[in-house]
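Here's the structure we're looking at; comments come further down.
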Amino acid sequence: MANILEVKINDFMAKIIAKNPGETEFHQAVQEVAESLLPFIEENPRYKHAKILERITEPERVVMFRVPWIDDKGEIQVNRGYRIEMNSAIGPYKGGLRFHPTVNLGILKFLAFEQVFKNSLTTLPMGGGKGGSDFDPKGKSDNEVMLFCQSFMTELQRHIGQDTDVPAGDIGVGGREIGYLFGQYKRIKNEFTGVLTGKGLEWGGSLIRPEATGYGAVYFAEEMLKTRNEGIKGKIAVVSGSGNVAQYTIEKLIQLGGKAVTLSDSEGFIYDPDGIDADKLQYVMELKNIRRGRIKEYAEKYKVKYVEGQRPWNIKCDLVFPSATQNEINENDAKELVKNGCFVVSEGANMPSTPEAVEVFLNAKILFGPGKAANAGGVATSGLEMTQNSMRLPWTREEVDERLHMIMTSIHSTCMQYGREKSGFINYVNGANIGGFIKVADAMIAQGVV
Ligand code: NDP
Ligand code: 2IT
C-alpha cells in the first residue's frame with residue numbers, strides 16, 4: 001500500500017513541477033500536503049472524483065504588475081507587485097502582503113497555498129490569498145515607503161475589496177505600511193471599508209491584532225504541552241526573528257512564566273541566558289519598530305553574546321518558536337535541537353522547517369506544531385477585525401483575546417482529531433492538513449466545477 005501511495009504522490013508531484021517550473025517553495029508546500037492528503041483521499045473517493053487536489057493547487061487568479069515610484073534622490077525605481085488569489089470556496093481571499101527582496105511568484109504561491117488550509121482551520125469564513133513585492137523597505141525613508149505603497153495600491157485596488165480579497169501584513173509590512181496602503185485605497189475608491197486588516201486602532205483596527213500571531217503560537221504550544229501534562233512555566237525558549245511575531249511570542253512567554261533567551265535578524269542572533277524580560281523586550285520593540293536598527297545592538301546594550309551570520313538552533317532549550325522565515329531550520333539544526341532536549345516546536349513563521357527537519361522532529365516524536373496551525377492566530381484575529389468592521393463595533397481587548405485563545409484551542413483539537421496515530425502519537429502535520437482540507441473541499445464540491 002505504502003508503495004502504491006508513493007507512486008501516486010510522485011506522479012502527482014511530477015505534474016505540479018512540470019506545470020510550475022522553478023517554484024521550489026511551492027513544490028515543497030504542495031508535497032507536504034499531498035503526502036498527508038493522498039492516503040485520506042484514497043479512503044474518501046469523492047474528493048478524488050471531484051479532482052480536488054488538482055484544483056486546489058491551481059490558483060483561481062494571479063495578478064502581477066509593475067510598481068514604479070520615485071526615490072528621495074529623484075530617481076525612478078521599478079518593483080514588481082503580486083497578488084495570488086488562491087481559493088475563495090469558504091470566503092473572500094484573505095492573507096498578508098510581504099515586502100522583501102527575495103519575493104517571487106513561487107514564494108507567494110507557497111504562502112497562498114498554506115493560507116487556504118490555515119484560514120479554514122481558524123473556523124472563520126476566509127478563503128486564501130497572498131501578495132507582495134520584491135521591494136526592500138530596509139534603509140528606505142518613510143517618504144519612500146509611502147510613495148511605494150501608494151503606487152502598489154494604485155494597481156492592487158482594482159483586485160481587492162472587503163467582500164473580495166482582504167490583504168494584511170507579513171514580512172516587511174506592518175502598521176506603517178498598512179496605513180499608507182489604506183490611505184491610498186480610500187482615496188481612490190472614496191470608501192472607508194475593512195479592505196485591509198492590521199489597521200490602526202483609530203481607523204478600524206482591532207485590539208490584539210498586532211499581538212495575535214505571537215500570542216497564538218504560544219497558546220498553541222501550551223495546548224500541545226498539556227497533552228504531556230506540562231506547561232510553559234519555567235521552560236527555556238529559543239525564538240528566531242525579532243519582528244512582529246517574535247516580539248509578541250516573547251511577550252506571552254514572559255506572561256506565562258517562560259524564559260526566552262534568543263532573538264535574531266538576517267545578520268545574526270543574540271543569546272541572553274538570563275532571559276529577555278519585559279524591559280529588554282520594550283527596548284527590542286523600540287529598536288526594531290521605531291529606530292529600525294539591527295539586533296546586534298541588543299548585545300552591545302546588554303553585554304550578551306552576538307553570533308554573526310548564524311541562527312540560534314545550537315542553544316539548549318525546551319521550546320522553539322521559529323519566527324523569521326521559510327526554511328530557516330534544516331535537518332542538522334533539527335537534530336541539534338532534539339539532541340539538546342528540545343521537545344516542542346511551535347512554528348510562528350510559515351514553513352520555517354525544511355521537509356528533512358520536519359522528519360527529524362516527527363521521528364523523534366516531539367510536539368511539532370506546523371505553521372498553518374501554530375501561527376493561525378494572526379489571520380484568525382484579522383477575521384475578527386473583519387467582523388468588527390462589518391458590525392461597525394469594536395470589541396474589548398479581553399473579548400478579542402478570549403476569542404483568539406478559543407480559536408487556537410479549537411485548531412489544536414482539530415489537529416488531534418485528524419492527526420492521532422494508532423500509537424497515540426499526534427502528527428500535527430497530518431492533522432492540520434486534513435483538518436484544513438475537509439471544509440474547503442466540501443465547499444468546492446457543493447459549488448460545482450468552478
Ligand atoms: P517582520 O518583518 O516583522 O519580521 C521578520 C523578522 O524575520 C525580522 O527579524 C527579519 O530580519 C527576519 N527575517 C526575515 N527574512 C529573513 C531571512 N531571509 N533570513 C533571516 N531572517 C529573516 O515579519 P513578521 O514577524 O510579521 O513575520 C515573520 C514570519 O511569520 C514570516 O514567516 C511570516 O510569514 C510569518 N507570519 C506572520 C504573521 C503576521 O501576522 N505578521 C502571521 C503568520 C505568519 P531582518 O530585519 O534582518 O530582515
Ligand atoms: O501568514 C499569515 O497568516 C499572515 N501573514 C497574516 C495574514 C492576515 O490576513 O492577517
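The values are calculated or read from the model by the stated rules, or taken from the named source; none is laboratory data. Note that the structure is predicted; figures quoted are calculated from it, not measured. Every residue, glycine as well, gets a Cβ built from its backbone with ideal geometry; the counts of neighbours run over all protein chains shown.
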### Task
Determine the pairs where a residue that is aromatic (Phe, Trp, Tyr), located within the range 363-385, has a partner that is within 13 Å of ligand 1 (Cβ to nearest atom) with Cβ atoms under 9 Å apart, the partner being 6 or more residues away or on another chain.
PHE368/SER346; PHE368/GLU347; PHE368/SER353
### Task
Look at GLY205 and say whether it is within 15 Å of ligand 1 (Cβ to nearest atom), at pLDDT 95 or above and in contact with a Phe, Trp or Tyr (Cβ under 9 Å, 6 or more places away or on another chain).
no
#### Entry: Selection within the range 1-41 - in a loop (DSSP other than H, G, I, E, B) and either at positive phi or without any contact (Cβ under 8 Å) to a residue 40 or more places away in the chain (or both)
MET1, PRO21, GLY22
### Message
For the range 177-193, which positions are touching a residue at least 60 places away in the same chain (Cβ under 8 Å) and farther than 20 Å from ASN244 by Cβ?
### Response
THR193
### Task
Name every residue in the range 267-292 that is surrounded by fewer than 16 Cβ atoms within 10 Å (Cβ to Cβ) and not in a helix (DSSP H, G or I), in order of residue number.
GLU267, PRO273, ASP274, GLY275, ASP277, ARG291, ARG292
### Query
Which residue, of VAL78, VAL62, VAL67, is at negative phi, free of Cβ contacts under 8 Å to residues at least 24 places away in the same chain and assigned to a strand (DSSP E or B)?
VAL78
### Task
Could you grab the pairs with beta carbons closer than 6 Å, sequence gap of 6+ or different chains, first residue in the range 403-432 and charged (D, E, K, R), second one surrounded by 15 or more Cβ atoms within 10 Å (Cβ to Cβ)?
ARG403/LEU384; ARG420/ILE426; GLU421/ASN427
### Task
Considering only residues that are in contact with a Lys or Arg (Cβ under 6 Å, 6 or more places away or on another chain) and more than 25 Å from THR325 (Cα to Cα), look in the range 25-42 and name the one that is surrounded by the most Cβ atoms within 10 Å (Cβ to Cβ).
ILE41
### Query
Taking into account only those residues within the range 300-358 that are part of a strand (DSSP E or B) and without any contact (Cβ under 8 Å) to a residue 40 or more places away in the chain, which is farthest from ligand 1 (Cβ to nearest atom)?
LYS305
### Residues being surrounded by 24 or more Cβ atoms within 10 Å (Cβ to Cβ) and either out of contact with any Leu (no Cβ under 8 Å at 6 or more places or on another chain) or at pLDDT below 95 (or both) - total across the range 210-242
4
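Results for (1) within 16 Å of ligand 2 (Cβ to nearest atom); (2) buried (at least 24 other Cβ atoms within 10 Å of the Cβ); (3) over 22 Å from the mean Cα position of the chain (by Cα), shown as yes or no for each residue.
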residue	(1), (2), (3)
GLU308	no, no, yes
LEU319	no, yes, no
PRO322	yes, yes, no
ASN327	yes, no, no
PHE343	no, no, no
SER346	yes, yes, no
ALA349	yes, yes, no
### Message
Being part of a loop (DSSP other than H, G, I, E, B), within 10 Å of ligand 2 (Cβ to nearest atom) and touching a strand residue (DSSP E or B) at 6+ places or on another chain (Cβ under 8 Å) is the filter here; which residues of the range 102-134 pass it?
### Response
MET126
### Query
In this structure, is PHE368 within 16 Å of ASN430 (Cα to Cα), assigned to a strand (DSSP E or B) and more than 16 Å from ligand 1 (Cβ to nearest atom)?
yes
